[in-house]
1. So what's the back-of-envelope 222 nm ellipticity for the chain, counting only DSSP H runs of four-plus at -39500 (n - 2.57) apiece and dividing by all residues, rounded to 500?
2. HN-Hα J couplings of segment 26-34 from phi, Karplus 6.51/-1.76/1.60, θ = phi - 60°, integer Hz, Gly and Pro as x?
3. Find the Rg to Rh ratio for segment 7-77, where Rh is the Kirkwood radius over alpha-carbon pairs and Rg uses the same atoms.
4. What is the Cα centroid distance between segment 150-192 and segment 1-73, reported in whole angstrom?
5. Anyone know which of P201, P167, P81 comes out most mobile in the 10 Å Cα GNM of the chain?
6. Under the 0.36 nm per residue contour assumption, what length would be gained going from the current alpha-carbon distance of A88 and R67 to full extension?
7. How compact and how long is the chain, expressed as Rg and Dmax of its alpha-carbon atoms in Å?
8. In a Gaussian network model over the chain where Cα atoms closer than 10 Å are linked, find which of V86, V135, V69 has the largest mean-square fluctuation.
Amino acid sequence: ARAFVLGPEILFLDEPFSALDAQAREGLIEDLGHILADTGTTAVISTHDQGEAARLAHRLAVMQGGRIVQLGGLREVMNHPEDPFVAAFVGMETLLKGQVVACREGLLSLRFRKGSGDREVLAVGEAQPGQTVLVGVRPEHVALSLQTDNTSSARNAFPGAVTKVIPRGPFFKIELDCGFFLAAYVTAQSLAELGLQPGCPVVASFKATAVHLIRKEGLDAEV
C-alpha cells in the first residue's frame, strides 16, 4: 500500500506473494490486479508462479540464464512457446520429438518413436516433410474417457493407463503412460466419475489444434 502513496509511474515487485499462505495470496493478487487497473500503474513483477503471471500479466518475459528468451503477450507465450525451455516453464508438460511425414492442407502428420513402436500425432501447422520438430500439448487440452468416443472431434486418441494422480488445488493432474508420457488436468467431479487411480485404463484425446510445434536448430542437443 505504501508503494502507491507517491503515485509511481512504474512499480517493481520482486516475488511479492512468495511468503504468503494460499488464502492471503489469492486475496492480495486480486486486490493488486484491481489497483493496477484502476490507477493505470505499470508494474514489472518477477515470479516463478505461472498462476500469478496468468492472472496479472498483459505481457510475459521468460528468462533463462539472466537473459530474456521469449517476450510477448500472455496467451502468445503460454500457448506458443518458441523453444523447449519456455514450453516446459509455461506448463507444457508433454514434449515429444518427432518427424513430419506428411502435410496436407495445413494438417500435419507427425511420427515419433516411443516404447515398442511408432506413434502418430496430427497437428495443425506448417512444416516440411522430413523436418524434425517438437510436439507440445498443454494438460488442460487433454480429455480423458474410459473408451474411445467416435463422436469426438479430437483427431488424436491414445489408449493408456494412469500412473499418478496429483492434487493441484481445485484440479488434479493425471499422469499417463500412453507408450509416452502425457499429462492431463481433471476436476474432482471428473476424477470421481471416471474412477481415476493408478493403473486405471483410459483413452486420452486432444485436438489437432491443441498441438504446438517447435521447430529449432540443434533440437537433438536440447531434448
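1. Per the formula, -6000 deg cm²/dmol.
2. Coupling constants for segment 26-34: 4, x, 6, 4, 5, 4, 4, x, 5 Hz.
3. 0.96
4. 31 Å
5. Most flexible of the set in this elastic network: P167.
6. That pair, A88 and R67, stretches by 5.9 nm at full extension.
7. Here Rg and the maximum Cα pair distance are 20.2, 64 Å.
8. It is V69.
FYI, it's all coordinate maths here, none of it is from the lab. Every value quoted in this text rests on a predicted model; they were computed, and no experiment measured them. Every residue, glycine as well, gets a Cβ built from its backbone with ideal geometry; the counts of neighbours run over all protein chains shown.
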